[in-house]
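Below is one structure, written out as structure tokens; the observations come after it.
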Amino acid sequence: MEAFLDWLHASAAGRRLRPLLTRSRALHAAVGALAGSRASAPLVPWLVSRYGIDLSDAVIPPGGFPTLNALFTRALAPGARPIDPDPDALVSPADARLLVTAPVGGGTRLVVKGVAFDLATLVADAALARTLAGGSAAIFRLYVADCHRLVFPCAGVPSAPRLVPGGYGSVSPRPGNEAPFYVLNRRTVTTLEAERFGRLVLVDVGGFLVGSIRHLATPGVAVAKGAPRSAFAFGGSTLVLLAGPGVLRFDPAVVAASARGAETAVRIGRAIAWATAPVTPALSPR
């Protein structure tokens, strides 16, 4: 897979073919159907070996994972990911590579590794984007080996996810992949009303060959920190978490690494930021 993606981005022939593949709904529907069928079961051991997927902390069904999607969205054993109990701590919602940026630039522009894009386009809501100007962003990028089941980073009340149509470009950083896939790819936008953090915005971004984004919570019903939130079916994917100005104080080590353009490996439940001051929003989903 990685070699194929390198070819798509680095070669002349690959660059001509890439738009046809990343915009093809039929291709992604077919891959999604295969990944969710028992016909994909023989691929599971190969993928585990090829990417060194650690299953020591996973709940493995009797007889093994019946599909690729069952492997990617695997449940974790109780206690495998302790959730930081500090009520002022915002925890990682995913096993991922994390990059943070704060504050978000003026004019609601966000710059990630030299690529700038507009928050209004990302969340497909100009009014919502204006509330985020001067705030902060955390970008969680999941690899093939990561568990693709995500949790809530804090307690709160989630809104219904809003679908933003788009393509299926690769989310992996590589030469030739400088396009702002955050605003080009198919994604969902959810708000989370949190007592200590105000309104957080969570954008689940699909990637190349990601079959679907499945949300696991009931809109308008309060959730606990660490409760199941969403799942990405097959492939790599990305979550962008956005907060308003003056809300979050990120882990200094993560901030320093991000300033160098380096991602930090994080796991579900680890504290990545803390509230700068309690915020009491109107607890109604947007």
### Query
So between ALA77 and LEU216, what do we pick up on full extension, going 0.36 nm a residue minus the alpha carbon distance?
48.2 nm
### Task
Report the net charge of residues surrounding VAL44, where surrounding means a beta-carbon distance below 13 angstrom and charges are Lys +1, Arg +1, Asp -1, Glu -1.
+3
#### Entry: Ascending count of other beta-carbon atoms within 10 Å, so fewest first, for GLU263, GLU193
GLU263, GLU193
### Query
How much length is gained if the chain between LEU34 and ALA253 is pulled fully straight, taking 0.36 nm per residue apart and subtracting their Cα-Cα distance, in nm to one decimal?
74.8 nm
### Query
Tell me, what is the percent relative contact order of region 38-142, built from C-alpha pairs under 8 Å that lie six or more residues apart?
23
### Query
Which order results if TRP274, TRP46 are arranged by neighbouring Cβ count within 10 Å, fewest first?
TRP46, TRP274
### Query
If you plug each phi of region 255-266 into the Karplus form 6.51 cos²θ - 1.76 cosθ + 1.60 with θ = phi - 60°, what whole-Hz ³J(HN,Hα) values come out, in order, with x for Gly and Pro?
4, 5, 5, 5, 5, 8, x, 9, 7, 10, 6, 10
### Query
Fewest first, what order do HIS148, HIS215 take by the number of other Cβ atoms within 10 Å?
HIS215, HIS148
### Query
Taking 0.36 nm per residue of separation and subtracting the Cα-Cα distance, what length does fully extending ASP86 through ALA224 add?
48.4 nm
## Note on the structure
Residues whose built amide H sits under 5 Å from the amide H of ASP84, excluding neighbours closer than 5 in sequence, are ALA271
### Peptides 47-60, 220-233 ordered by average Cβ neighbours within 10 Å, highest first
220-233, 47-60
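Every number in this text was worked out from the coordinates using simple rules, so none of it is lab data. The structure displayed is predicted, hence computed values, not measured ones. Cβ: placed from backbone, ideal geometry, glycine included. Neighbour counts: every protein chain shown.
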